[in-house]
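The values are calculated or read from the model by the stated rules, or taken from the named source; none is laboratory data. The structure presented is a predicted model; accordingly, all values stated were derived computationally and were not measured. Glycine gets a Cβ as well: all are built from the backbone with ideal geometry, and neighbour counts include every protein chain shown. Accessible surface areas use protein heavy atoms only, side chains included; no ligands, DNA or RNA. Shrake-Rupley method; radii C 1.70, N 1.55, O 1.52, S 1.80 Å.
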Amino acid sequence: MADVARLAGVSHQTVSRVLNDHPNVRQETRERVLAAIEGLGYRRNSSARALVTRQTNTLGVVAFDTTLYGPASTLYGLERAAREAGYFVSIVSLRELTRDDLAEALDHLARQQVDGLVVIVPQSAIAVALAEMPQPVPVVTVEGDAGVGLPVVNVDQRKGGALVTEHLLRLGHRTVWHVSGPPDWLESQARTQGWRETLLAAGAPIPEPLSGDWSPRSGYRCGQLLAGVPDLTAVFVANDQMALGVVRALDEARIRVPDDVSVVGFDDVPESEFFTPPMTTVAQDFSEVGRKAIELLLDALADDRDHSAPTAEGADGAYPAVPPARIVVQPHLVVRRSSGPPRRS
């Protein structure tokens with residue numbers, strides 16, 4: 001900074017004001033300082049700045065199974081939203097989602113002195129475990145359980161399940177079978193709830209759902225079972241990858257989609273419009289989820305700094321919890337050729 005100040009012919013305090021975008025700097029002076037910074041290749045020492053401000057401008061994110069489209073897209077939305085807000089992101093991606101693994105991930109990010117945390121919470125037990133852990137910085141959850149007392153941003157998965165079921169019933173199907181995701185996943189539970197409630201409200205039969213693990217292979221196995229169901233005309237599959245497996249199994253059984261059976265997925269993966277036939281599905285706005293989660297976390301950080309004091313931390317070193325809040329992002333149905341009216345006999 002002293003080198004920049006000498007080259008620009010100003011004090012180091014003026015350089016600091018320019019770096020912090022202080023308004024009380026003449027435009028001519030600002031341009032001279034910026035030219036000196038560019039010429040010298042000056043970069044701020046983030047470690048030194050963090051010691052002074054107690055801020056690292058880094059947010060921590062804990063994610064799980066980013067090989068799946070939903071978690072991967074959510075992670076990308078979070079990272080992009082954080083970058084647009086001027087923050088770096090430090091990510092811990094867990095292969096196994098256990099209480100010990102979660103605690104280790106939070107401890108790792110705390111040692112990096114992140115300013116706040118976003119935790120993608122796909123399972124109810126992990127949401128409860130997170131709520132019971134001490135939180136050294138403000139925490140926001142994504143796809144978590146609002147009932148555990150932590151702020152959460154999620155897509156209305158229940159509404160998504162209802163949209164699919166309503167669509168198929170309107171086409172004239174007497175009922176809709178369902179291939180769910182893993183039963184311990186919150187998203188799977190909510191999609192199944194929306195499906196079941198819609199059938200119940202319509203007075204339609206409610207078949208026993210089949211359960212997969214989000215993979216095409218598990219969808220294929222469920223599809224083989226569905227191929228033997230008499231009078232099967234419509235299936236709601238809890239994600240597009242499993243739906244692909246269901247369509248393959250039905251095709252091998254000489255059951256045509258949608259002529260004989262309509263199949264609808266969930267997630268609107270980029271490949272879904274190129275399936276054979278193109279897949280009717282539910283789209284989720286993962287970018288909006290990322291933006292809302294980062295906004296909620298930054299609001300919590302601003303509130304925390306406004307009320308911070310040397311005695312603000314409790315005896316255990318934890319900050320007061322972020323006030324519970326829930327932001328819901330709405331899904332929408334994308335109708336393609338995999339769904340149609342039932343064939344009349």
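Computed values, structure above
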{"item": "Of residues in region 162-176 being in contact with a strand residue (DSSP E or B) (Cβ under 9 Å, 6 or more places away or on another chain) and among the hydrophobic types (A, V, I, L, M, F, W, C), the one farthest from Ala201 (Cα to Cα)", "result": "Leu171"}
{"item": "Asp3 charged (D, E, K, R), out of contact with any Phe, Trp or Tyr (no Cβ under 6 Å at 6 or more places or on another chain), open to solvent by 50 Å² or more (accessible area, probe 1.4 Å) and modelled with pLDDT of 85 or more", "result": "yes"}
{"item": "Residues within region 211-260 that are in contact with a His (Cβ under 6 Å, 6 or more places away or on another chain) and surrounded by fewer than 23 Cβ atoms within 10 Å (Cβ to Cβ), tallied", "result": "1"}
{"item": "Region 291-302 residues that are over 15 Å from Leu75 (Cα atoms), paired with ones that are open to solvent by less than 20 Å² (accessible area, probe 1.4 Å) and of a type in the set (Asp, Glu) (beta carbon under 8 Å, 6 or more apart)", "result": "Leu301/Asp115"}
{"item": "Lone unmet requirement of (1) open to solvent by 50 Å² or more (accessible area, probe 1.4 Å); (2) more than 18 Å from the chain's Cα centre (by Cα) for Arg83", "result": "(2)"}
{"item": "Restricting region 324-341 to residues that are over 26 Å from Glu295 (Cα atoms) and open to solvent by 60 Å² or more (accessible area, probe 1.4 Å), the residue that is farthest from the chain's Cα centre (by Cα)", "result": "Pro341"}
{"item": "Leading residue by the ranking (most open to solvent (accessible area, probe 1.4 Å)) among those in region 27-78 that are polar (S, T, N, Q) and at pLDDT below 85", "result": "Thr67"}
{"item": "Matching residues in region 99-133 - criterion: being of a type in the set (S, T, N, Q), over 16 Å from the mean Cα position of the chain (by Cα) and open to solvent by less than 60 Å² (accessible area, probe 1.4 Å)", "result": "none"}
{"item": "Complete set of residues in region 163-186 that are part of a loop (DSSP other than H, G, I, E, B) and surrounded by fewer than 20 Cβ atoms within 10 Å (Cβ to Cβ)", "result": "Leu171, Gly172, Arg174, Thr175, Pro182, Pro183, Asp184"}
{"item": "So Asp268, is it of a type in the set (D, E, K, R), within 23 Å of Pro71 (Cα to Cα) and at pLDDT 95 or above", "result": "yes"}
{"item": "Test: Pro205 is free of Cβ contacts under 8 Å to residues at least 24 places away in the same chain, farther than 21 Å from Leu333 by Cβ, open to solvent by 10 Å² or more (accessible area, probe 1.4 Å) and part of a loop (DSSP other than H, G, I, E, B)", "result": "no"}
{"item": "Top-ranked residue of region 266-288 - restricted to ones that are in contact (Cβ under 8 Å) with a residue 60 or more places away in the chain and open to solvent by less than 10 Å² (accessible area, probe 1.4 Å), ranked as farthest from the chain's Cα centre (by Cα)", "result": "Thr280"}
{"item": "Residues being of a type in the set (S, T, N, Q) and farther than 18 Å from Gly144 by Cα - total across region 76-124", "result": "3"}
{"item": "Failed condition for Gly160, given (1) within 20 Å of the chain's Cα centre (by Cα); (2) crowded, with 16+ Cβ neighbours inside 10 Å; (3) modelled with pLDDT under 95", "result": "(3)"}
